[in-house]
Amino acid sequence: MEKQIYYHDTDAGGVVYYGTYLRYLEEARTEFLVAHGLSLELFRTQKFLYAVRKCNLVYKSPARYGDTISCSAKLKKITAAQLIFDQVIIDKESEKILVEAEVHLVSLNKDFKPTPIPEDLKNTLLAHCH
């Protein structure tokens, strides 16, 4: 997923505010799921939600106003109730790594209690796990 950095993404110094990267990572994970035929609507119909349980980020270099970044999401591992993604944000022009992240999502039922990932969704995801 590519993203242009706008003024509203930055702080007073013209660099992307650190918390903004979480939004970019979320968008890249959503794009990953959609690209593999999985949508939030499908999760809702199966009474399955997901939420970030754990997020480890390493900030290596800042993005600045006017930059174009590329955000990727690779499904690293699936457990009974978790999806674990490796994610990278790079500067498109220089190909410099800006952020590396490992993000754990947990499967939740309608009462927001951890629950196993439905088997059909798990099988679809397993086909795209690296």
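At-a-glance table
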quantity: Failed item in (1) of a type outside the set (Asp, Glu); (2) buried (at least 16 other Cβ atoms within 10 Å of the Cβ); (3) without any contact (Cβ under 8 Å) to a residue 60 or more places away in the chain, with Ile69 passing the rest; calculated: (3)
quantity: Residues (in contact (Cβ under 8 Å) with a residue 60 or more places away in the chain and hydrophobic (A, V, I, L, M, F, W, C)) located in region 33-50; calculated: Leu38, Leu42, Phe43, Phe48, Leu49
quantity: When residues of region 80-119 are limited to those that are without any contact (Cβ under 8 Å) to a residue 24 or more places away in the chain and out of contact with any strand residue (DSSP E or B) (no Cβ under 7 Å at 6 or more places or on another chain), the one farthest from Lys54 (Cα to Cα); calculated: Ser94
quantity: Unique match (being of a type in the set (S, T, N, Q), over 29 Å from Pro116 (Cβ atoms) and touching a strand residue (DSSP E or B) at 6+ places or on another chain (Cβ under 9 Å)) among Ser72, Ser61; calculated: Ser61
quantity: Filter pass, Phe112 being of a type outside the set (Asp, Glu) and at positive phi; calculated: yes
quantity: Residue check, Ile5 out of contact with any His (no Cβ under 7 Å at 6 or more places or on another chain), closer than 19 Å to Lys96 by Cβ, surrounded by 14 or more Cβ atoms within 10 Å (Cβ to Cβ) and not small (Gly, Ala, Ser); calculated: yes
quantity: Entirely in region 12-116, the strands (runs of 3 or more DSSP E) that have 2 or more residues that are touching a His at 6+ places or on another chain (Cβ under 9 Å); calculated: 49-59, 68-78, 82-91
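Here's the yes/no breakdown for (1) of a type in the set (Gly, Ala, Ser); (2) modelled with pLDDT under 95:
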{"site": "Gly14", "(1), (2)": "yes, yes"}
{"site": "Thr30", "(1), (2)": "no, yes"}
{"site": "Arg44", "(1), (2)": "no, yes"}
{"site": "Phe48", "(1), (2)": "no, yes"}
{"site": "Pro62", "(1), (2)": "no, no"}
{"site": "Cys71", "(1), (2)": "no, no"}
{"site": "Leu83", "(1), (2)": "no, yes"}
{"site": "Asp86", "(1), (2)": "no, no"}
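The values are calculated or read from the model by the stated rules, or taken from the named source; none is laboratory data. Quick caveat, the model's predicted, so the values are computed rather than measured. Because the Cβ atoms are built from the backbone with ideal geometry, glycine has one as well, and the counts that use them run over all protein chains shown.
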